[in-house]
């Protein structure tokens, strides 16, 4: 994901779910997640006291955004999710549900559409809320392994004057009943600690990568669970590269 250049100042984000819908979805997700897994949040005291921020999380499973939305410990700022990457959000019950909740900032894999998604993401931040972004740009293959982060997140931070909060999600690669999932919040990275432009964005991204890798260091894939747990763990995971034959392409 690369942030598209914007002309002018993006307007503040005035759309999104009503307070009633937002909290209904949050409590619903918390109930359903809590009925199957145990979620522990560590480091909530590190969150910025004021202002918007970007949650940069590792991404071993499609469940990661759901777990974050269900348990994020910030009652003052609404949490939005950057994604999914879809051409048509009217197809499939998952996409329709995301659209109904108003929590997603989906983007289509085309230049003009990414520019629009950038404008909406920055608008969320300039409206004083927070947005969670899987900085790797795709699913990782194993717990504890962090792929290179894309610099688009740092450009979002520069444009919106938002901090970046590295956040480790541990335990979602394979889930089973009673599984403990940890959300580990790291020290924020301030946008004004780096110069603006591509050089500053690369330096900021490198710092976030280092902090996020430290949060998930030592995490390992658990055993593959039973039939239901395996289905739930893999239901919407998309790893086409695992199906490619060695040397293909």
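The values are calculated or read from the model by the stated rules, or taken from the named source; none is laboratory data. No experiment lies behind these values; they were computed from the predicted model shown. As a convention, Cβ positions derive from the backbone with ideal geometry for all residues, glycine included, and neighbour counts pool all protein chains shown.
Do we find that residue 90 is modelled with pLDDT under 80, in contact with a helix residue (DSSP H, G or I) (Cβ under 8 Å, 6 or more places away or on another chain) and within 30 Å of residue 180 (Cβ to Cβ) in this structure?
It is false that residue 90 is modelled with pLDDT under 80, in contact with a helix residue (DSSP H, G or I) (Cβ under 8 Å, 6 or more places away or on another chain) and within 30 Å of residue 180 (Cβ to Cβ).
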- Could you please find all residues in segment 212-230 being assigned to a loop (DSSP other than H, G, I, E, B), without any contact (Cβ under 8 Å) to a residue 60 or more places away in the chain and loosely packed, with under 14 Cβ neighbours inside 10 Å? 223, 224, 226
- Message: Suppose we filter segment 43-59 for residues that are under 29 Å from residue 222 (Cα atoms) and touching a helix residue (DSSP H, G or I) at 6+ places or on another chain (Cβ under 9 Å); how many remain?
- Response: 7
- Which numbered condition trips up residue 241, out of (1) surrounded by 13 or more Cβ atoms within 10 Å (Cβ to Cβ); (2) outside any loop (DSSP other than H, G, I, E, B); (3) modelled with pLDDT under 95? (1)
- Item | Restricting segment 180-211 to residues that are in a loop (DSSP other than H, G, I, E, B) and under 21 Å from the mean Cα position of the chain (by Cα), the residue that is surrounded by the fewest Cβ atoms within 10 Å (Cβ to Cβ) | 187
- Would it be correct to say that residue 117 is crowded, with 24+ Cβ neighbours inside 10 Å and within 15 Å of residue 80 (Cα to Cα)? no
- Note on the structure: Restricting attention to segment 119-167, the residues that are touching a strand residue (DSSP E or B) at 6+ places or on another chain (Cβ under 8 Å), over 16 Å from residue 197 (Cβ atoms) and assigned to a helix (DSSP H, G or I) number exactly 4
- Message: Please go through segment 1-21 and give me each residue that is within 30 Å of residue 151 (Cβ to Cβ) and either more than 19 Å from the chain's Cα centre (by Cα) or modelled with pLDDT of 80 or more (or both), ordered by number.
- Response: 5, 6, 7, 8, 9, 10, 11, 12, 14, 15
- Note on the structure: How many residues of segment 35-61 are assigned to a loop (DSSP other than H, G, I, E, B), within 19 Å of residue 123 (Cα to Cα) and in contact with a strand residue (DSSP E or B) (Cβ under 8 Å, 6 or more places away or on another chain)? The answer is 3
- Message: For the structure I just gave you, tell me whether residue 229 is within 10 Å of residue 174 (Cα to Cα) and modelled with pLDDT under 95.
- Response: no
- Task: Specify the residue that is surrounded by the fewest Cβ atoms within 10 Å (Cβ to Cβ); the eligible residues are those in segment 58-87 that are under 23 Å from residue 142 (Cβ atoms) and at pLDDT below 65.
- Result: 85
- Task: Would you confirm whether any residue within segment 120-134 is free of Cβ contacts under 8 Å to residues at least 60 places away in the same chain and surrounded by fewer than 23 Cβ atoms within 10 Å (Cβ to Cβ)?
- Result: no
